[in-house]
Amino acid sequence: MDAEQRLQSDVCIVGGGTAGLVIAMELEAAGIACVVLESGGLDVEEASRDLNRGSSAGEIDYQFGDGCRSRFLGGSSNCWGGFCRAFEPSDFERRSWVAHSGWPIGYAEFQSYVQKAHQWLKLGPVNYDPAHWVAAIGRPDVQRFPLAGTGLMDAVSHFSPPVRFGRDYRRRLRDSRLITVVLHANVVRFDSTPEGDVLESVLARSLNGRQLSVSAERFVLAAGGIENPRLLLACSPQRPEGLANRNGLVGRYFMDHPRVQVGRLHMHGDWKRSKLYDIKFNYHHRHMAAAGTKVAGQVMPTPEVRERLGLTNSVMWLCSVFPGEGTPQAEALFRAKQRSLGHRAWDESVLQDIRTVMAAPLTSLRFVGGRVVPRLSPAPYLDLACVAEPVPNPDSRVTLGEARDALGIPRAQVEWRMGEQEKHTIDTGHRLFADFLQTRGVGRAELPPPLSGQPWPASLERQGTWHHMGTTRMHGSPRQGVVDVNCRAHDCKNLYVAGSSVFPTVGANYPTVNLVALAVRLSDHLVRSFRQAGEPAPLRDAAMERSAVSS
C-alpha cells in the first residue's frame, strides 16, 4: 500500500474472508470490478492478530481474540474444521416459543443458493439424507440408531476439504483483472454524506502508517460477526452513534452456539463399534465417505418435540474418550496443535506446556496414539456433546471497550448472554438421548445434574463454537434489524453487510455453507442493481487495470 494512495471501483469489500472473497469472485464473473481490503497479510502475523483482541463482559467469560479468528487473507476459513450443514426449513420460521425468531426470506429462496455454496466449498451433492449416506458408505460399523418413536431424529453434515479461501483461490485473485486485493488495509474511517445515508469512501491504514482511500458505488462490509459491528460503531465521524445505527441495533443480538460435553455413555453389543455419530472417528475419516463426500452423523429432537416442549434447535453427537484425554498433558498438546496452525500465539506458556508434556511422557504418548493410530478396539466410554441454538437476545451484544488498538480504534467488548431456554434445550436433549439408549437396549448413560437453574459452566468459554453471528441482523423493519432482505443497511443506501452477522436466527449447525449461500444471493442482488442502473463504467483508475494481492 503506497502512502495516501487512492482507488476507485464499482464495489469496495471490507474483509477478505469467506464471504468477502466469494462476493468478489461472483462479481468478477459478472464483469464488475471490486477492491477487497484485507486487514492481515498472507499468513499469521502477531501484530495483526492483536487487533482481534478485546474484553468480555457479563456472566460468561467469552474468549474471542485468539484461537478462533484468523486475521489474514481467507479469514476464518483458515481455522475452520470443514463442517457444513445447510439450514433446515424450521430455522426460517417464526416460532411462537422462540423470541425474535423468523427470517424475512423463505427457506425455498435460500435453498436455491445452496448448490452454488457447495461448489465454492468443494462439497458434493446437496443431499443431507442419512439413509442415503449410510447405504452409500455400506460399512457394518456405520449404522443408524433405531430412533423411530423416541422423539429424536438423525442427520448428517458434510465436510469441506476444508477450503482455505486465501490459499485455494489465491491464483484466481492474483490473475483477475477485476479484483484488487489490498493486504494490511485496516479500515479506520467511513466517510459518508452529512446525513450518513450514503457512503462515499473508506479510509484504510496499515500498521506502519500508510493510508489508502477507496471510493465506490457500493460497499460491502464482510469483516465478521464481531468486527462488522465494531467498525460500524467506531469509524463514522458523521454518525457518532455509529453508521447504520439510527435505531441502536448495531452490535445487538450477538450469538454463538453453546457447546456442552458431558456424560459417560456405555454402549452395548455391536453398538460399541458403531461410528456414524462418533466425532473422534468420523471427522474427515476416509471410512465415512461415499463418492468423494465425507459425512458425520448427528442426533437431534424432532421439530414436533421442539415445539411441544419449547426447545430451540440442537444437535448431539458422541465423542470417544481414550486414555490420556482430559489430563494436563492433553491440554498442553492441544495448545501446541493450535499454535502450529496459527490459532494461538507462541508466548511464554510454550515452555510450561513442554514441561507438562515431559512430566508424564507415557500419558502424553497414550493420548497422541489414541488420536493418530486407527482404533482397533472401542473406547472405554464416550461423552455426549450437544450444541444448542441460542435465542436472539438484544442484550447480548458487541460494544466498544475503553482500550484502543494500535490504530487508535476502540477494541471490541463482547457480552454474550443466554438464558434458561438454551439450558432447557440441552438438558432435554440429554434426557431424551439417555432414555433412547435404555429403552432400545443400545446402551446406558451417566449424566451430570441438569444445567437448568445453575450458572453456565466455566468450561463454556472453551466449548463455545466461536460462530460469531447476529450483530447486524436481517429484518424487514429498520426498528428490528440493521439490514433489509437484500442485506442492505436500512440507514445507508449503498452499504451492504455480508456474513453470519446478518443471521436473525442461527439454527444449531455450522454457519459457513449458509453464509456462503447468502453471499451468493447478495452478489446476485448487486449484479441486478448494477444492470438496472446501466452497465458499470469503464475502470477509471490505471491501478485498477490489473488485480494484485499487494501490501
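The values are calculated or read from the model by the stated rules, or taken from the named source; none is laboratory data. Predicted model only: the values in this text are computed from it and were never measured. FYI the Cβ positions are ideal-geometry reconstructions off the backbone, even for glycines, and counts take in every protein chain you see.
How about region 140-228: which strands (runs of 3 or more DSSP E) wholly inside it have at least 1 residues that are closer than 30 Å to D435 by Cβ?
Of the strands (runs of 3 or more DSSP E) lying wholly inside region 140-228, those with at least 1 residues that are closer than 30 Å to D435 by Cβ span 152-159.
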*asked:* Contact list please: Cβ distance under 8 Å, first residue in region 427-441 and among the small types (G, A, S), second residue part of a loop (DSSP other than H, G, I, E, B), pairs at least six apart or on different chains.
replied: G429/L311; A434/L447; G441/H268
*List the number of the failed condition for F159; all other conditions in (1) buried (at least 21 other Cβ atoms within 10 Å of the Cβ); (2) over 27 Å from A24 (Cβ atoms); (3) touching a strand residue (DSSP E or B) at 6+ places or on another chain (Cβ under 8 Å) hold.*
(2)
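For region 294-305, name all the residues that are surrounded by 16 or more Cβ atoms within 10 Å (Cβ to Cβ) and out of contact with any Ser or Thr (no Cβ under 7 Å at 6 or more places or on another chain).
Matches in region 294-305: K294, G297, V299, V305.
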*asked:* Please determine whether any residue of region 70-79 is surrounded by fewer than 21 Cβ atoms within 10 Å (Cβ to Cβ) and touching a His at 6+ places or on another chain (Cβ under 9 Å).
replied: yes
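How many residues does region 162-181 contain that are more than 22 Å from the chain's Cα centre (by Cα) and surrounded by 22 or more Cβ atoms within 10 Å (Cβ to Cβ)?
In the first step, residues of region 162-181 are kept if they are more than 22 Å from the chain's Cα centre (by Cα); the result is 171-181.
Add one more test, that the residue is surrounded by 22 or more Cβ atoms within 10 Å (Cβ to Cβ), and what stays is 173, 178-181.
Summing the residues that are more than 22 Å from the chain's Cα centre (by Cα) and surrounded by 22 or more Cβ atoms within 10 Å (Cβ to Cβ) in region 162-181 gives 5.
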*Listed residues L231, L276; which is crowded, with 24+ Cβ neighbours inside 10 Å and either charged (D, E, K, R) or within 30 Å of F145 (Cα to Cα) (or both)?*
L276
*Selection from region 237-267 of residues that are at pLDDT 95 or above and small (G, A, S)*: G242, A244, G248, G251
_Just the residues that are crowded, with 23+ Cβ neighbours inside 10 Å and under 20 Å from E325 (Cβ atoms), please, taken from region 282-291._
N282
*Within region 80-111, tally of residues that are part of a loop (DSSP other than H, G, I, E, B) and either more than 22 Å from G297 (Cα to Cα) or more than 18 Å from the chain's Cα centre (by Cα) (or both)*: 14
*asked:* Looking only at residues that are among the β-branched types (V, I, T) and touching a helix residue (DSSP H, G or I) at 6+ places or on another chain (Cβ under 8 Å) in region 312-337, which one is nearest to P511 (Cα to Cα)?
replied: T312
*Would it be correct to say that D383 is surrounded by fewer than 19 Cβ atoms within 10 Å (Cβ to Cβ) and under 27 Å from D91 (Cβ atoms)?*
no
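Matching residues to (1) surrounded by 16 or more Cβ atoms within 10 Å (Cβ to Cβ); (2) part of a helix (DSSP H, G or I):
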| site | (1), (2) |
| --- | --- |
| R355 | no, yes |
| M358 | no, yes |
| A406 | no, no |
| M418 | yes, no |
| E422 | yes, yes |
| F436 | yes, yes |
| P449 | no, no |
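From the list A517, A508, which residue is over 19 Å from S101 (Cβ atoms) and among the aliphatic types (A, V, I, L, M)? Show your work before the answer.
On the way: A508 fails: over 19 Å from S101 (Cβ atoms).
Just a single option satisfies the conditions, and that option is A517.
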